[in-house]
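**Student:** Questions regarding the structure given below will be posed in turn.
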Amino acid sequence: MLVEISHYLSILSTAVFLLTFTLVIILDSASRHSEILIRRSYSHGFVLFLISFLIYVYLAITDNFSVIYISQHSNSLLPTFYKVASIWSAHEGSMFLWILFLSLWGFAFNLSKDSETRIKNISIGIISLIIVGFQLFLLITSNPFETNLPYPPLNGADINPVLQDPGLVIHPPFLYLGYVGFVIPFSYGLAFLINSNESVNWEKKTKSWSVFAWVCLTIGICLGSWWAYYELGWGGYWFWDPVENVALMPWLAATAFVHSLSVASKSNTLRIWTLLLSIIVFSLSLFGAFIVRSGIIDSIHSFANDPQRGMYLLAFIGAILFLSLSLFSAKINLLTAQNELKSQSKESFISLNNIFFGVLIFSTMMGITYPLIYELAYNQKISVGAPFYNAIYAPITILASIILVISIESRWGRGFKEAKKYNQLYVSILISGLATLALRYFKSDISLIILASFFVGILIISRYLILISINLRTNKYTNIQSAIAHMGLGLLILSISANSIFSSERVFNMKPNETKDYMGVSLTFDELQLINNSNHDSIRAAFKVTDINGRISMLYPEKRKYFARGQITSETAIKITPKRDIYITLGDQLENGSWVVNLQLNYFIRYIWFSAILMAISGLIIVGKSSRARS
Amino acid sequence: MKQHRKKRLLNILLISSLSGAGVLMVLYALNTNLDYFFTPSEIISKELPKNKRVKVGGMVLEGSVERDSSNIKFVITDYQESISVQYAGIVPDLFKEGSGVVALGYIDKNGLKAEKILAKHDENYMPPALKD
């Protein structure tokens, strides 16, 4: 009964969003009355959809296995928060959440005050239409409300055990919040074009929204990387999997976008480019949904292959892209009266940065689509992996970092004035040069490209630290959000290169009570224990780890067997220290009774995620500052 | 005015030649860094690229898995042809006889020396090449 109500509310919500769109079209959208009507109509659509979702959550918590989707992805033995998270562990339910977040962003925007009534109303219309498109997709091709009455199964099939992890509870929601958040700048930009008044600073109005969506996407990707690291047992933080790449592309585009937004909102340059970027960012987010949900590309993330879903999404996303680009090219003249870029101004440097982002996005797109093209052309399956992406990303990032360091004290609208500014640059070059030489002295087998990355990582961090300390002493203003985000970039480059220089691993065969030594770590296999849990049995090994300073810690890697699916998973055990992770996975048992044990020493890996957190913090500072400026 | 046009033309030429060069470089990087995917039958019938990393996909032949110290040996088959695989390391949890596997590595006269073994995180998974 409840599931029918939930289903019905979703259909009703689709109708209300369609009504909202129709209201925007037929009403004189600049008037106060229509603004109120449109706002209320949208809010009703959202509240209906929210209630529908909450009922669905209730169904999942109460083990209502008459709902096919819940019976296939949940189980009565699961703890409650996994029952909730099981909703987004597969296609239908995660699409449900995705659309809920899409309408949530629209709802927050709908409640916000805006002096440009007409632009706001048109944006709400565009958002409503996009929501309707995806709601129809959900209801027609991926219905999560289907029931298997009158004979529901006694118990559910369980979440895939690999996904039974706190990471599942938080990683997808953040990622989806980030993806769909760019609907706000996208629809506002289009509404700005339809409204045809070039004096409206739409860039300034959408900046907080865009930056906040960027923060969510940053955190979402970072959580995914962290989860893959400890759950998959490979000890890496990024695998250049196609689905990681389709999350990275909107992130790169969004990073370029938030940079060019600040140019366009301040100096009336790059406005055409910024608008185009707002379309590109949102399209790339939708492209990600298409890749993951059509099954066109084989990946550990992809959901089951279904051509109907793929076709629907391709057609709908294609229509959105076609319409927005047509509108863009029809109205492009609106923005041609622009200031010219001054050479060596901050704008010019940000334009360069956008070109670098563009190259990275294009290359990633090629890496994803090239296997498809190649197979069509040569009838040969290929895959593109880490070597390609490293060959592109490393040199571009190094180049972009050097230009970033040069541009730090550039100004809006004019070139460099004082040559003495370069003194600070020379000091930081000296510091990073010495550090790189020292590294080369202690470890001689490092490739040039990694040495160069190490160098620019330190260069960025030291340059900003010098800048901040001098500004503090002379009481000058520091753009703290820019400093934090860019030091995050520097730390990211530095920790990635240091990680690849120092990390190593070794596979052992060990029997209980045996001790092995590796790189100053002494590993003793203490004992094996059998543990019974609510939904799985596990074999837990106890290892005593003694590091070079004689500090002892215990690590407990596991092998689990889940009842519902009979699937076996490994749980890694990690000892975190400031410098490195000691990372153990338990392999199979051999015939002679010994166990395969993999010991990894992963250096500086925590700093990779910390740098993403720094970037997110800087985004939050921007959002906080601009909302304080508004009120 | 003419000066202005000339400048614009130069700009367009510069931008298009730079982006053309960029595209060529990306394509070059792609072609030098891609992994070919083969089924065991294709390895027998096709001319293999020399000294290139390849991916071999198929099923783990029942009864073929042998382990000694930290090495594992097994046979990948598409039930027409087979190739033996050697690997030093931990195989994924879903690796088992009779289920799908992808091995990445170099081919020599003894078979495939694998650097990485992948088993899809889905118990119903079958390598795409076997589905056709």
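**Student:** Taking the options A:LEU327, A:LEU323, A:LEU313, A:LEU335, name whichever one is crowded, with 18+ Cβ neighbours inside 10 Å, modelled with pLDDT of 80 or more, over 26 Å from the mean Cα position of the chain (by Cα) and not aromatic (Phe, Trp, Tyr).
**Tutor:** Going through A:LEU327, A:LEU323, A:LEU313, A:LEU335 in turn, the sole match is A:LEU335.
**Student:** Any residue in the range B:9-30 that's within 11 Å of chain A (Cβ to nearest Cβ) and under 20 Å from A:THR369 (Cα atoms): show its pairings with residues that are among the aromatic types (Phe, Trp, Tyr) and part of a helix (DSSP H, G or I) at Cβ separation under 6 Å, as long as the two are six or more apart or on different chains.
**Tutor:** B:ALA29/A:PHE388; B:LEU30/A:TYR370; B:LEU30/A:PHE388
**Student:** Going by what's in this entry, would B:GLU81 be described as within 13 Å of chain A (Cβ to nearest Cβ) and charged (D, E, K, R)? First the steps, then the outcome.
**Tutor:** Numbers: within 13 Å of chain A (Cβ to nearest Cβ): no; charged (D, E, K, R): yes.
It is false that B:GLU81 is within 13 Å of chain A (Cβ to nearest Cβ) and charged (D, E, K, R).
**Student:** Buried (at least 16 other Cβ atoms within 10 Å of the Cβ), more than 30 Å from B:ALA103 (Cβ to Cβ), within 25 Å of the chain's Cα centre (by Cα) and modelled with pLDDT of 85 or more: does that describe A:ILE368?
**Tutor:** Judged against the criteria, A:ILE368 is not a match.
**Student:** Tell me which residues, restricted to the range B:1-40, are touching a strand residue (DSSP E or B) at 6+ places or on another chain (Cβ under 9 Å) and either at positive phi or hydroxyl-bearing (Ser, Thr, Tyr) (or both). Write out each step before concluding.
**Tutor:** At the first step, the residues of the range B:1-40 found to be touching a strand residue (DSSP E or B) at 6+ places or on another chain (Cβ under 9 Å) are B:30, B:33-40.
Within the range B:1-40, B:TYR36, B:THR39 qualify.
**Student:** Something else now. When the range A:520-532 is examined, which residues are found to be more than 26 Å from A:PRO161 (Cβ to Cβ) and either of a type in the set (Lys, Arg) or modelled with pLDDT of 90 or more (or both)?
**Tutor:** A:VAL521, A:SER522, A:LEU523, A:THR524
**Student:** For the range A:585-612, enumerate the residues that are within 12 Å of another protein chain (Cβ to nearest Cβ) and either under 14 Å from A:SER500 (Cβ atoms) or at pLDDT 95 or above (or both).
**Tutor:** Matches in the range A:585-612: A:GLN600 only.
**Student:** Still on this structure, please answer the following. Scan the range A:19-54 residue by residue and report those that are surrounded by 16 or more Cβ atoms within 10 Å (Cβ to Cβ), of a type in the set (Val, Ile, Thr) and farther than 30 Å from A:HIS73 by Cα.
**Tutor:** Answer for the range A:19-54, where residues must be surrounded by 16 or more Cβ atoms within 10 Å (Cβ to Cβ), of a type in the set (Val, Ile, Thr) and farther than 30 Å from A:HIS73 by Cα: A:THR20, A:VAL24, A:ILE38.
**Student:** Looking only at residues in the range B:31-52 that are under 19 Å from B:THR77 (Cα atoms) and within 10 Å of chain A (Cβ to nearest Cβ), which one is surrounded by the most Cβ atoms within 10 Å (Cβ to Cβ)? Step through it out loud before you land on a result.
**Tutor:** Taking the range B:31-52 as the starting set, the residues that turn out to be under 19 Å from B:THR77 (Cα atoms) are B:36-48.
Those left that are additionally within 10 Å of chain A (Cβ to nearest Cβ): B:36-39, B:42, B:46.
Values: B:TYR36: 19, B:PHE37: 22, B:PHE38: 25, B:THR39: 23, B:GLU42: 19, B:LYS46: 12.
Checked the range B:31-52; the qualifying residue surrounded by the most Cβ atoms within 10 Å (Cβ to Cβ) is B:PHE38.
**Student:** For A:THR546, are the conditions met, namely being away from chain B (no Cβ under 12 Å) and within 28 Å of A:TYR603 (Cβ to Cβ)?
**Tutor:** The answer is yes for A:THR546.
**Student:** Here is a follow-up. Among the strands (runs of 3 or more DSSP E) contained in the range A:564-617, which hold 1 or more residues that are over 16 Å from A:TRP234 (Cα atoms), out of contact with any Gly (no Cβ under 7 Å at 6 or more places or on another chain) and not aliphatic (A, V, I, L, M)?
**Tutor:** By residue number, A:580-589.
**Student:** Between A:ASN549, A:ASN513, A:ASN535, which is modelled with pLDDT under 90, in contact with a strand residue (DSSP E or B) (Cβ under 7 Å, 6 or more places away or on another chain) and over 22 Å from B:ILE72 (Cβ atoms)?
**Tutor:** Working: A:ASN549 fails: in contact with a strand residue (DSSP E or B) (Cβ under 7 Å, 6 or more places away or on another chain); A:ASN513 fails: modelled with pLDDT under 90.
Just a single option satisfies the conditions, and that option is A:ASN535.
**Student:** Also, quick follow-up: Quick test of your reading of the structure: A:TYR151 fulfils all but one of (1) touching a residue at least 12 places away in the same chain (Cβ under 8 Å); (2) more than 23 Å from the chain's Cα centre (by Cα); (3) over 29 Å from A:SER278 (Cα atoms). Name the failing condition by number.
**Tutor:** For A:TYR151, the failing item is (1).
**Student:** Restricting attention to the range B:67-78, which residues are within 10 Å of chain A (Cβ to nearest Cβ) and in contact with a strand residue (DSSP E or B) (Cβ under 6 Å, 6 or more places away or on another chain)?
**Tutor:** Initially, the range B:67-78 is screened for residues within 10 Å of chain A (Cβ to nearest Cβ), giving B:67-72.
Within the range B:67-78, B:SER69, B:SER70, B:ASN71, B:ILE72 meet the criteria.
**Student:** Only residues that are surrounded by 17 or more Cβ atoms within 10 Å (Cβ to Cβ) and in a strand (DSSP E or B): list them for the range A:525-537, please.
**Tutor:** A:PHE525, A:HIS536
**Student:** Applying the selection to the range A:502-517, what residues are closer than 22 Å to A:ASN549 by Cα and more than 14 Å from chain B (Cβ to nearest Cβ)?
**Tutor:** A:PHE502, A:SER503, A:ASN513, A:THR515, A:ASP517
**Student:** When the range A:577-593 is examined, which residues are found to be within 18 Å of A:ASP526 (Cβ to Cβ) and either free of Cβ contacts under 8 Å to residues at least 40 places away in the same chain or surrounded by fewer than 15 Cβ atoms within 10 Å (Cβ to Cβ) (or both)?
**Tutor:** A:GLN589, A:GLY593
**Student:** Of everything in the range A:232-247 that's within 14 Å of chain B (Cβ to nearest Cβ) and outside any loop (DSSP other than H, G, I, E, B), which residue is surrounded by the fewest Cβ atoms within 10 Å (Cβ to Cβ)?
**Tutor:** A:VAL243
**Student:** Another question about this same structure. Go through (1) buried (at least 16 other Cβ atoms within 10 Å of the Cβ); (2) within 14 Å of another protein chain (Cβ to nearest Cβ); (3) farther than 25 Å from A:LEU276 by Cα and name the single condition A:ILE408 misses.
**Tutor:** For A:ILE408, the failing item is (2).
**Student:** If you don't mind, there's one more thing I want to ask. Of the conditions (1) within 29 Å of A:ASN499 (Cα to Cα); (2) of a type in the set (A, V, I, L, M); (3) over 10 Å from the mean Cα position of the chain (by Cα), A:ILE280 satisfies every one except a single condition; which number is it?
**Tutor:** It fails just one condition, (1).
**Student:** Can you tell me which condition A:LEU341 does not meet? The list is (1) within 29 Å of the chain's Cα centre (by Cα); (2) farther than 12 Å from A:ILE272 by Cβ, and all the others hold.
**Tutor:** (1)
**Student:** Follow-up question, since we're still on this one. Which one is surrounded by the fewest Cβ atoms within 10 Å (Cβ to Cβ), of the residues in the range A:55-99 that are in contact with a Gly (Cβ under 7 Å, 6 or more places away or on another chain), of a type in the set (A, V, I, L, M, F, W, C) and assigned to a helix (DSSP H, G or I)?
**Tutor:** A:ILE87
**Student:** Determine whether A:PRO153 is surrounded by fewer than 16 Cβ atoms within 10 Å (Cβ to Cβ) and farther than 17 Å from A:MET311 by Cα.
**Tutor:** Details: surrounded by fewer than 16 Cβ atoms within 10 Å (Cβ to Cβ): yes; farther than 17 Å from A:MET311 by Cα: yes.
Yes: the conditions hold for A:PRO153.
**Student:** Tally the residues that are surrounded by fewer than 20 Cβ atoms within 10 Å (Cβ to Cβ), within 13 Å of chain A (Cβ to nearest Cβ) and in a strand (DSSP E or B), restricting the search to the range B:85-103.
**Tutor:** Matching residues across the range B:85-103 total 1.
The values are calculated or read from the model by the stated rules, or taken from the named source; none is laboratory data. Source: prediction; values computed, not measured. When we count neighbours, we look across all protein chains shown, and the Cβ atoms used for this are built from the backbone with ideal geometry, even at glycine.
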